[in-house]
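Notes follow the structure.
The values are calculated or read from the model by the stated rules, or taken from the named source; none is laboratory data. On a predicted model such as this, the values are computed, not experimentally measured, just so you know. Virtual Cβ from ideal backbone geometry, glycine too; neighbours counted across all protein chains shown.
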Amino acid sequence: MPSFLLEVGTEELPARFVDEALNQWRSRLPKLLTELNLTSEAIEYYGTPRRLAVLIKGLPSQQPDQDEEVKGPPAKTAFKDGQPTKAAEGFAQKQGVSLDALEIRPTEKGDFVFVQKRIKGRAIADLFTEQVPQWITGLDGKRFMRWSDGDLKFSRPIRWLVALIDDEVLPIAIVSHSISYHSSRQSLGHRVLHPNPVSIPNAEAYVSTLASAFVNVDPQQRQTTIESQVRAAAEQVGGIAIVNPDLLREVTNLVEYPSAVVGKFDAEFLEIPSEVVTTEMESHQRYFPVCQKGSKELLPYFITASNGDPKKADIIAAGNERVIRARLSDGKFFFDADRKVPLESYLPKLETVTFQADLGSVRSKVDRIGAIASQLATQLNITGETSTHIQRAALLCKADLVTQMVGEFPELQGVMGEKYARSSGEPEAVAVAISEHYLPKGAGDALPQTIVGQVVGLADRLDTLVGIFGLGLIPSGSSDPFALRRAATAIVNITWAANLNLNLNELLDAIVTTSDQLKLTPEDLLKQLKEFFLQRVETLLREDRTIDYDLVNAVLGENDQAYTERALSNLLDVRDRASFLQTIRNDGRLSAIYETVNRASRLAAQGNLDTQQLDPTAVVRPDLFQKNSEKAFYDALQQLNQTMQGHADYAKLIDALSQSAPTVSRFFDGEDSVLVMDDDPDIKQNRLNLLGILRNHGRVLADFGAIAKQAS
Amino acid sequence: MNFQSVISTLNQFWSNPSELGGANCGCLILQPYDTEKGAGTKSPHTFLRAIGPEPWSVAYVEPCRRPGDGRYGENPNRVQHYYQYQVLIKPSPDNIQDIYLESLKTLGIRPEDHDIRFVEDNWEDAAVGAWGVGWEVWLDGMEVTQFTYFQQCGGLDCRPVSIEITYGLERLTMYLQGVNSIFDIQWNDELTYGDVFLQGEIESSTYNFEASNPELLFTLFKLYEQEAQQLMQKELVLPAYDHVLKCSHTFNLLDARGVISVTERARYIGRVRNLARQVAQLYLKQREAAGFPLLKGKIASIS
């Protein structure tokens, strides 16, 4: 059973592409083999920065032969009086068979001439010579390049090809202008540890041959090696390695022959915030930081997965130590320079930073954040020291943007503000709020935990939303350059998580009223903003809280102004109603009342009763009743109204509705039932009003007309 | 090895790499171009020569000005004026990485003693409509060189593709000399980098951040732009390109002064890019009209 090896030698591939390319092969090659009618015992995928390889074991030496049946002309035209005609001769000739080979078989459309052909399977060497170049050129990736004078596109230049079937070279070629690569058994080992070419004797010797040339071709093995070496190295210096999984994946594809090298730096650099030190190590140098056992405190060590000679570890460590020293000196320089003046003194410089051309500088944004935060504080009944902290945090929340450290490490915005606020003697609540107001930074990220951080974060996002919407820059499709969807989602999530009793309608009204850079009319702007928020609420209820689609519609109303207003004026209530509906659907309480309330709601839509009216005595005339069921319905509604007394206790409401359900169903069905659409308009109106009152009570919770019947 | 020896060693190496174990791709050794620019790439030796089918191999030192990087001479690793050693070879040779490693050997860096890696780093200079893909070369964790395969220049597809190698001369020399500040680099055996450049660094930082006159700079930008346009109408490629470089540097000065807002920024970059695009096209047209003289009998193929 032959084995096939393909190795594509390249200049150093981007780390991510190594994984992406192997994954493409993983999903494509088995299918390609199936299409070629080939089986295999195992397919192994290998890759390093300088090569992508696949080893297919246990292939047949050729495709199986295949029988093919070809249908020819109808028997009537192929044979006349038992003699073959020209049609038969032509068919036989075209198929390359003698006339004897023609058979006549019945089909649904009568008798036809057939020929049974045997197609010889092709040798895999043949097939692969033809097909394998497309395995390579068919790979996709970001930012592919051309090189030299060729038209080939690949992640980085291809430099050699190895293709072997067992111990035989399989000739394959990739050619474009003066670029031309022909397969051989010559591979290259480690760039500096094995500078001479290495000859692979047979396909299955690939892994061991490359290992002898200082290349570990198996990414999974390299990753395991790196992780265990890095952890062991951290142990040796008495700490624990911080192994970020993304970094580990990347580093795995930056080296062919990994060995962990430990370096150290001056402990004085640990005075720099650990976020800075970690960012320097992980994002800039691809080092693994080391922390103390049992705490998150960093130790003055780093570990790098070297691609060099393990015997030269000292030289390599010394070189890396110089680099991290220079980087950390930079960091320390920024940290010290930034703290020479209090955080507040950076405010004037924020005037030079543009938030958005038409909306002015970040300095003026900060003032707007302060104004919105104070409206929020009023709504939330926040007074005293907390309210002072909110104003202070709003003022300082962007000041770190013009510090040198954040200029250098934009990802540390907020984090540095918090540190600098603390060293400037700002209250702790203010310091914490400065970093918290950026939370959540993305889907699934942590939310602000303090009320000051929550309020400033909400105010910042509300300002951005109203400001950008006001310019008519409303997100559409996938274009959302100001991340407004994320901002609105964060507002709803923060409000829900912290149970903030906000009235978003009032807030938006107030902010829009004070905005002076509007390219939309205030009415249009408010309408668009509210729709946008409703979409966020809808998505969050459905996707994050897994509320059924129809139940979400039932609480938000379908094009129902009353529900829209209500949802945004009380975000907590809309969340609670939706979860409650889902709960009663799940426990069966919903189905007990569904039939009656839904039917009443749909019929009541034909009347014109004010949806706010809950008192049956105000709109129903008992003198018009013709049947007992009407009277019973009326009594039940009075009972319901008394029980609820205008309180929005949803559990109690559902309980009361389920008690009245049997009574209401007698109104609809059975011998005592009535026809709502009576010819007498007064009677009809009276009956619609009975239904309307029931619907209105249901509406306190949701629009039952929007709830779909569920099979129980 | 002092700073000036590093430069002369690289000049020596690239003028004939094959003598030193590299391949046969001897470079023309040129001198710096005399207009301020942010990177060696913007020298016409690279920017214009990377365009079109004519082969080209060049190496030169190029001073770079990045006004926003000034630190008043207080930061040991960052300055607003420094030097790059720039190599450009078209078409890119197959063994360019090996040749490059040979060049490190001539500087006394034995690759087998170190952890050398080619780490993905793509390059784009939106202001001149140029981009390419390549790596930073890490020497024991230190970025010492930038490799770029040019894909577009002035908005034109590069065919054939050039390889650009940019050595960070100060960084490399700091490593070789074991010093921790740019200003401590021995330029020759007597004078340091700081002796020559520290005062200028302080003064230029003051100019870039505090003393420049934004009104004047805005006016200059406009004038340089107009001049570039009128020169292009006369098909004077190099003088036009000089003024594109002046626009680009004036923009960098305005940017360092903090007087360009985010949206204005994109607009200014767009204006410089437009000019650079036009110059690039004009240059290609001019070379084509001249029959691509450097092809020397090879068949021109531009698609």
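Within the range A:496-510, if we keep just the residues that are of a type outside the set (Asp, Glu) and under 21 Å from A:LYS527 (Cα atoms), the residue that is farthest from the chain's Cα centre (by Cα) turns out to be A:ALA510. A:TRP135 passes every criterion in (1) more than 13 Å from every other protein chain (Cβ to nearest Cβ); (2) within 30 Å of B:PRO55 (Cα to Cα); (3) not in a strand (DSSP E or B) apart from (2). Within the range B:161-181, restricting attention to residues that are at pLDDT below 95 and touching a Pro at 6+ places or on another chain (Cβ under 7 Å), the residue that is surrounded by the most Cβ atoms within 10 Å (Cβ to Cβ) is B:SER181. Is it the case, given these coordinates, that B:SER92 is within 13 Å of another protein chain (Cβ to nearest Cβ) and not aliphatic (A, V, I, L, M)? Spelling it out, B:SER92 is indeed within 13 Å of another protein chain (Cβ to nearest Cβ) and not aliphatic (A, V, I, L, M). Considered as a group, the residues in the range A:287-332 that are in contact (Cβ under 8 Å) with a residue 60 or more places away in the chain and either among the hydrophobic types (A, V, I, L, M, F, W, C) or more than 9 Å from chain B (Cβ to nearest Cβ) (or both) include one that is surrounded by the most Cβ atoms within 10 Å (Cβ to Cβ), and that residue is A:ILE303. Filtering the range A:58-71 for residues that are more than 23 Å from A:GLN134 (Cβ to Cβ) and within 14 Å of chain B (Cβ to nearest Cβ) leaves an empty set.
Count of the range B:66-78 residues, restricted to those that are within 13 Å of chain A (Cβ to nearest Cβ) and in a loop (DSSP other than H, G, I, E, B), is 9. Every listed requirement among (1) among the hydrophobic types (A, V, I, L, M, F, W, C); (2) more than 14 Å from every other protein chain (Cβ to nearest Cβ); (3) closer than 20 Å to A:GLU321 by Cα is met by A:VAL255 save one, (2). Among the residues of the range B:157-182, those identified as of a type outside the set (Ser, Thr, Tyr) and within 19 Å of B:PRO76 (Cβ to Cβ) are B:GLY168, B:LEU169, B:GLU170, B:ARG171, B:LEU172, B:MET174, B:LEU176, B:GLN177, B:GLY178, B:VAL179, B:ASN180, B:ILE182. Looking only at the range B:163-177, filter to residues that are within 11 Å of chain A (Cβ to nearest Cβ) and aliphatic (A, V, I, L, M); which one of those is farthest from B:TYR60 (Cα to Cα)? Across the range B:163-177, the extreme among qualifying residues is B:MET174.
The number of residues in the range A:7-22 that are among the charged types (D, E, K, R) and not in a loop (DSSP other than H, G, I, E, B) comes to 4. Restricting the range A:439-461 to residues that are under 24 Å from the mean Cα position of the chain (by Cα) and hydrophobic (A, V, I, L, M, F, W, C), the residue that is farthest from A:GLY384 (Cα to Cα) is A:ALA443.
Looking across the range A:170-191 at every residue that is under 41 Å from the mean Cα position of the chain (by Cα) and within 13 Å of chain B (Cβ to nearest Cβ), the one that is farthest from B:HIS114 (Cα to Cα) is identified as A:SER176.
Go through the range A:114-164 and give me each residue that's under 30 Å from A:LEU102 (Cα atoms) and touching a Phe, Trp or Tyr at 6+ places or on another chain (Cβ under 6 Å). Passing the criteria: none in range. Against the list (1) in contact (Cβ under 8 Å) with a residue 12 or more places away in the chain; (2) surrounded by 16 or more Cβ atoms within 10 Å (Cβ to Cβ); (3) in a helix (DSSP H, G or I), the condition A:ASP682 fails is (2). Residues satisfying the criterion are present in the range B:285-301 (criterion: surrounded by 12 or more Cβ atoms within 10 Å (Cβ to Cβ) and without any contact (Cβ under 8 Å) to a residue 60 or more places away in the chain).
Tallying residues that are crowded, with 16+ Cβ neighbours inside 10 Å and outside any strand (DSSP E or B) within the range A:37-53 yields 4.
Checked against (1) part of a helix (DSSP H, G or I); (2) farther than 27 Å from B:ASP140 by Cβ, A:ILE226 passes all but condition (2). Residues in the range A:419-438 that are under 17 Å from A:ILE491 (Cα atoms) and outside any loop (DSSP other than H, G, I, E, B): A:ALA433, A:ILE434, A:SER435, A:GLU436. Restricting attention to the range B:248-303, the residues that are modelled with pLDDT under 95, under 20 Å from B:GLN230 (Cα atoms) and among the basic types (Lys, Arg) add up to 3. In the set (1) without any contact (Cβ under 8 Å) to a residue 60 or more places away in the chain; (2) over 16 Å from A:GLN613 (Cα atoms); (3) in a helix (DSSP H, G or I), A:GLY705 fails one condition alone, (1). Only one residue in B:TRP138, B:TRP131 is crowded, with 23+ Cβ neighbours inside 10 Å, more than 8 Å from chain A (Cβ to nearest Cβ), part of a strand (DSSP E or B) and in contact (Cβ under 8 Å) with a residue 12 or more places away in the chain, so which one is that? Result of the check over B:TRP138, B:TRP131: B:TRP138. If I ask for residues that are touching a Gly at 6+ places or on another chain (Cβ under 9 Å) and among the aromatic types (Phe, Trp, Tyr), which ones from the range A:533-574 would you list? Answer for the range A:533-574, where residues must be touching a Gly at 6+ places or on another chain (Cβ under 9 Å) and among the aromatic types (Phe, Trp, Tyr): just A:TYR563. The set of residues from the range A:543-559 being of a type outside the set (Phe, Trp, Tyr), surrounded by fewer than 18 Cβ atoms within 10 Å (Cβ to Cβ) and either farther than 29 Å from A:GLY467 by Cβ or in contact with a Leu (Cβ under 9 Å, 6 or more places away or on another chain) (or both) comprises A:ARG545, A:THR546, A:ASP550, A:GLU558. Return yes when B:TYR149 is within 12 Å of chain A (Cβ to nearest Cβ) and in contact (Cβ under 8 Å) with a residue 40 or more places away in the chain and no when it is not. Yes: the conditions hold for B:TYR149.
Number of residues in the range A:263-281 that are crowded, with 17+ Cβ neighbours inside 10 Å and within 13 Å of chain B (Cβ to nearest Cβ): the value is 4. Filtered by the rule that a residue be within 9 Å of chain A (Cβ to nearest Cβ) and in contact (Cβ under 8 Å) with a residue 12 or more places away in the chain, the range B:95-120 gives B:ASN95, B:ILE96, B:GLN97, B:ASP98, B:LEU101, B:HIS114, B:ASP115, B:ILE116, B:ARG117, B:PHE118, B:VAL119, B:GLU120.
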